[in-house]
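Notes follow the structure.
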Amino acid sequence: MNFTQMIIPLNITKTISDWIYSIMPETAASYTIMVIIAVAYLALFAVAGLYLVLLERKVAAWFQLRIGPNRVGPWGLLQTMADALKLVSKELTSTIKIDKFLYNLAPYFVIVSALMAMAVFPFSEQFQAFDINIGVFFLIAISSIGVIGILLAGWSSNNKYALIGAMRSGLQTISYELSVGLSILTMVLLTGTLQLSEIIEAQRTGGWLILQGHVPSIIAFMIFMVAGTAETNRAPFDLVEAESELGAGFHTEYSGMKFAYFFLAEFINMFIISSIAVVLFFGGWLSPFGITENIAWFPQVFWFIIKVLGLIFLMMWFRWTFPRLRVDQLLTLEWKYLLPLNLMNIVLMAIVIWLNWTI
Amino acid sequence: MSYFSDIYKGIKTLLTGMSVTGGYFIRARKGAITQQYPDNRETLKMFDRFRGEVVMPHNADNRHYCTGCQSCEIACPNGSIEIIWDRAVDPETGKKKKKIDKHIYHLSMCTMCGLCIEACPTDAIVWAPNFENSVYDRSKLTKILNQPGSSVLDGIED
């Protein structure tokens with residue numbers, strides 16, 4: 001391990017873990033550390049999700065020549081915090097004929113599956129909660145669990161709009177899951193590993209994967225961004241929510257904090273899709289051209305966050321530019337365009353690697 | 001091979017759309033159209049065709065253009081305008097002549113349709129840009145448009 005690159009806060013976590021191990025038996029200490037990491041991640045990404053909501057509102061305002069939230073706190077920075085506080089303190093209303101158990105379970109399904117995916121991301125060389133050797137596989141598996149929560153929400157609400165929204169979500173996720181998986185597989189062909197930290201390691205010498213794999217990589221990136229936007233149920237693929245058609249889609253009957261869970265999960269999912277793209281295409285926490293590689297104190301997290309924010313901005317740009325697709329257009333795009341292109345692309349990538357045409 | 005040309009066309013048109021919105025995004029800081037209303041109360045200027053309330057402009061000598069023809073009262077679809085008028089002897093010609101006593105305007109009933117202003121033959125009433133019309137007592141919304149002691153400008157009805 002290269003200790004010169006270890007950044008200061010992680011020394012603090014090391015001290016804390018040493019301290020916990022010194023006061024407890026080993027098993028109890030490892031469980032305590034797991035709980036502490038889970039709570040830290042929960043708090044971190046709840047706040048990050050709130051600030052993504054604020055970013056979305058600001059970006060939306062600028063796209064529409066407005067100013068955006070600017071009253072609560074300086075430049076409106078506390079706006080979403082205030083909103084969350086309000087939602088926490090609100091009464092949880094529900095209709096009479098709901099399926100109580102599933103209705104209450106659904107938001108947790110959605111938010112937990114979103115937060116679970118965060119565990120495997122390497123935010124910097126040291127800052128990774130759970131480095132498993134099937135990281136990419138884990139991500140694909142987890143990111144499609146969220147749709148069960150959406151289906152449960154729509155079904156248990158006993159509301160026709162909620163059910164329509166949930167069913168649309170089901171067909172959309174099942175369709176676009178293929179494209180996400182195949183475009184990730186295209187990149188896995190190039191790296192030869194599923195472990196996220198090793199995927200980044202492979203980019204340290206040969207340049208980012210989007211450059212290493214040139215043409216097939218760029219096609220895979222474009223397909224991944226389109227399919228990823230569809231996976232997160234964001235405009236132009238927001239048939240699931242479709243305010244103008246379905247009220248609020250699957251979360252029509254939810255209020256207060258349960259609604260906020262769905263809302264937060266959408267933004268955390270956006271973060272996840274962008275993070276996968278950053279790891280697979282843009283070198284994760286590696287700095288461009290290695291400009292900060294020899295500066296020991298420079299936080300590698302900075303580059304990761306900058307790249308993720310760039311891709312999130314791209315997804316917001318999609319949202320505020322394109323109109324919503326119809327259901328048949330959605331399926332045409334996936335089954336007649338993205339999927340065949342993806343299959344061709346994976347063959348192209350295989351040929352590129354076979355003939356050693358990678359850069 | 002329309003399949004691939006379709007894809008090319010699709011991507012091209014999507015990028016065109018994104019360049020348009022991207023341009024807006026970049027220029028948003030300068031061109032924001034939001035009015036920060038209570039803060040810019042002094043400088044806020046409503047646009048020319050804004051329909052705030054009906055007023056009757058008077059000149060420096062407290063003269064207006066209203067001849068009391070009642071066209072506005074007839075044009076008004078819901079009776080927001082009432083004109084109390086009288087006849088008085090014109091000192092120059094010695095003839096009896098119609099003149100307004102009170103031009104009463106019920107702002108609380110007005111739908112801002114503008115038919116009275118279209119109907120007015122002498123442009124005696126116009127739109128004013130004032131929109132801060134909230135009051136604690138609804139009787140304050142019944143306004144008398146002609147100022148006390150005012151009279152019609154000479155030569156308007158000829």
Checklist entry - Of all residues in segment B:27-36, which are at the interface with another protein chain (Cβ under 7 Å from one of its Cβ atoms) and either touching a Cys at 6+ places or on another chain (Cβ under 9 Å) or part of a helix (DSSP H, G or I) (or both)? => result B:Ala28, B:Gly31
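Yes or no: segment B:18-26 includes at least one residue that is within 32 Å of the chain's Cα centre (by Cα) and either more than 10 Å from chain A (Cβ to nearest Cβ) or within 21 Å of A:Gly68 (Cα to Cα) (or both).
Within segment B:18-26, one or more residues are within 32 Å of the chain's Cα centre (by Cα) and either more than 10 Å from chain A (Cβ to nearest Cβ) or within 21 Å of A:Gly68 (Cα to Cα) (or both).
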Checklist entry - Between residues in segment A:319-337 that are within 11 Å of chain B (Cβ to nearest Cβ) and residues that are crowded, with 18+ Cβ neighbours inside 10 Å and among the acidic types (Asp, Glu), which pairs lie under 9 Å by C-beta distance while being six or more apart or on different chains? => result A:Arg319/A:Glu56; A:Arg319/A:Asp238
Item to check | Subset of segment A:340-356 that is farther than 18 Å from A:Ala277 by Cα and touching a residue at least 60 places away in the same chain (Cβ under 8 Å) - its residue that is nearest to the other protein chains (Cβ to nearest Cβ) | outcome: A:Leu341
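Kindly check whether there is at least one residue in segment A:119-126 that is free of Cβ contacts under 8 Å to residues at least 40 places away in the same chain, surrounded by fewer than 20 Cβ atoms within 10 Å (Cβ to Cβ) and out of contact with any Ser or Thr (no Cβ under 8 Å at 6 or more places or on another chain).
The answer is no, given that none of the residues of segment A:119-126 is free of Cβ contacts under 8 Å to residues at least 40 places away in the same chain, surrounded by fewer than 20 Cβ atoms within 10 Å (Cβ to Cβ) and out of contact with any Ser or Thr (no Cβ under 8 Å at 6 or more places or on another chain).
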Checklist entry - Got a sec? Which strands (runs of 3 or more DSSP E) wholly within segment B:90-158 have at least 3 residues that are over 16 Å from the mean Cα position of the chain (by Cα) and at negative phi? => result B:96-106
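Pick from A:Phe302, A:Phe289: which is surrounded by fewer than 16 Cβ atoms within 10 Å (Cβ to Cβ), at positive phi and more than 14 Å from chain B (Cβ to nearest Cβ)?
After ruling out the rest, the residue left standing is A:Phe289.
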Item to check | Candidates B:Lys102, B:Lys95 - the one that is surrounded by 11 or more Cβ atoms within 10 Å (Cβ to Cβ), out of contact with any Pro (no Cβ under 7 Å at 6 or more places or on another chain) and away from chain A (no Cβ under 14 Å) | outcome: B:Lys102
Item to check | Candidates A:Leu239, A:Leu178, A:Leu171, A:Leu185, filtered to the one that is at pLDDT 80 or above, more than 22 Å from A:Leu325 (Cβ to Cβ) and aliphatic (A, V, I, L, M) | outcome: A:Leu185
Next on the checklist: When you check B:Ser108 against the structure, is it more than 14 Å from chain A (Cβ to nearest Cβ) and either under 30 Å from A:Asn345 (Cα atoms) or of a type in the set (Gly, Ala, Ser) (or both), yes or no?
Outcome noted: yes
Item to check | Test set (1) in contact with a Phe, Trp or Tyr (Cβ under 7 Å, 6 or more places away or on another chain); (2) surrounded by fewer than 23 Cβ atoms within 10 Å (Cβ to Cβ); (3) in a loop (DSSP other than H, G, I, E, B) - A:Leu163 fails condition number | outcome: (3)
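The values are calculated or read from the model by the stated rules, or taken from the named source; none is laboratory data. The structure presented is a predicted model; accordingly, all values stated were derived computationally and were not measured. We place every Cβ from the backbone using ideal geometry, glycine too, and count neighbours over all the protein chains shown.
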